[in-house]
1. Would you mind listing the strands (runs of 3 or more DSSP E) fully within the range 10-121 where at least 3 residues are within 22 Å of the chain's Cα centre (by Cα) and at pLDDT 85 or above?
2. If you take the residues of the range 10-24 that are exposed (fewer than 14 other Cβ atoms within 10 Å of the Cβ) and of a type outside the set (Val, Ile, Thr), which of them is farthest from MET73 (Cα to Cα)?
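The values are calculated or read from the model by the stated rules, or taken from the named source; none is laboratory data. In this text, all values refer to a predicted model and were calculated from it rather than measured experimentally. Methodologically, a virtual Cβ is constructed for each residue, glycine included, from the backbone with ideal geometry; neighbour enumeration extends over all protein chains shown.
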Amino acid sequence: MFGKPRWFRPKAIGWGVVPITWQGWGYSAGWTAAILSPFMLLVSREQPLEALAWLGIGIGALAWDVRQIRSGMGLPPSRRATPAPAAVPSAAKHDDNVLYIMDSSPGAAVATRNYRMQVRR
């Protein structure tokens, strides 16, 4: 990884990083030039298979570098790296800390640690 995590921020939508400093923009421009210049040269020399091979290898190397930058930021390398929390069955839920105010006794006072409440009719 040659790019520094402090040059980028995570994308708001999707996977990847966005440059936030001039070094990040220069690094992104360097990657673009390193991938597209040989690709365009190979296409102009009528070598489409070599051009596609270069494009695939370049994009793969870029994805690996972005993954390294994201891991340097402390982010998971991909969305699948953090498993979804397991669903808790409704019978296993504990609602000990929930206060229910019912209409069974009108005018009765209800107290919590911080407040006293009374239902008015």
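1. On the way: elements: 17-19, 109-111, 116-118.
So the answer is 17-19.
2. Only one residue fits best here, namely TRP22.
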